[in-house]
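Take a look at the structure below.
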Amino acid sequence: MNCKEMEAKLVSYTDGRATEAERTAVERHIESCAACRARVAEFRSVWSVLNDAPVPQSSPSFDARLRQRIAAEPRRSLFGWLVPSPRLALATVTLMLLSIWVATKPPEVPPGGGDVAKQVEEDLQDYDMLADFDAISALPAATVVEKPAPSKDQM
């Protein structure tokens, strides 16, 4: 294992929470790696200082003062959830303004000037020109091939 992978396991190794497999892997690695061996020594010294530090004791009236402060907090009303938060109000107003802006935005003009009637008239003129085209009438008529009805054996 490399040192980066080992660094995550060093803390659990030094405080005794590592599994047996992790413990053996760390011990094998620190035998060959001086930097990780020094890091384990540093962790052990920190743990020993923390173990020697006195445990802070709370005052005897701590619980009573804490309960007083909790009781002094204003209670939320039954309908307190109906009061909107500023973020919700801002989001709602923004959504409404955006909806109004999109609804009142004039439609985009299609390319070609926007005169739809003029465009339809030009398309019809093109159709009339093709309808009167003599080369189309000279084409042979399409033949329709009828499929034979399926026999009783095929059903």
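The single condition among (1) under 30 Å from G16 (Cβ atoms); (2) modelled with pLDDT of 85 or more; (3) surrounded by fewer than 10 Cβ atoms within 10 Å (Cβ to Cβ) that V46 does not satisfy is (3). K147 - would you say it is modelled with pLDDT of 75 or more and at negative phi? In short, no.
Consider the range 29-40. How many of its residues are surrounded by 12 or more Cβ atoms within 10 Å (Cβ to Cβ) and over 15 Å from K4 (Cα atoms)?
Adding up the residues that qualify gives 0.
Please go through the range 87-116 and pick out each residue that is on the phi < 0 side of the Ramachandran plot and either at pLDDT below 70 or part of a loop (DSSP other than H, G, I, E, B) (or both). Step through it out loud before you land on a result.
Start the filter on the range 87-116 by keeping residues that are on the phi < 0 side of the Ramachandran plot, which leaves 87-111, 115-116.
K105, P106, P107, E108, V109, P110, P111, D115, V116 - these are the residues of the range 87-116 that are on the phi < 0 side of the Ramachandran plot and either at pLDDT below 70 or part of a loop (DSSP other than H, G, I, E, B) (or both).
The values are calculated or read from the model by the stated rules, or taken from the named source; none is laboratory data. Only a predicted model underlies this, so the values are computations on that prediction, with no experimental measurement involved. Methodologically, a virtual Cβ is constructed for each residue, glycine included, from the backbone with ideal geometry; neighbour enumeration extends over all protein chains shown.
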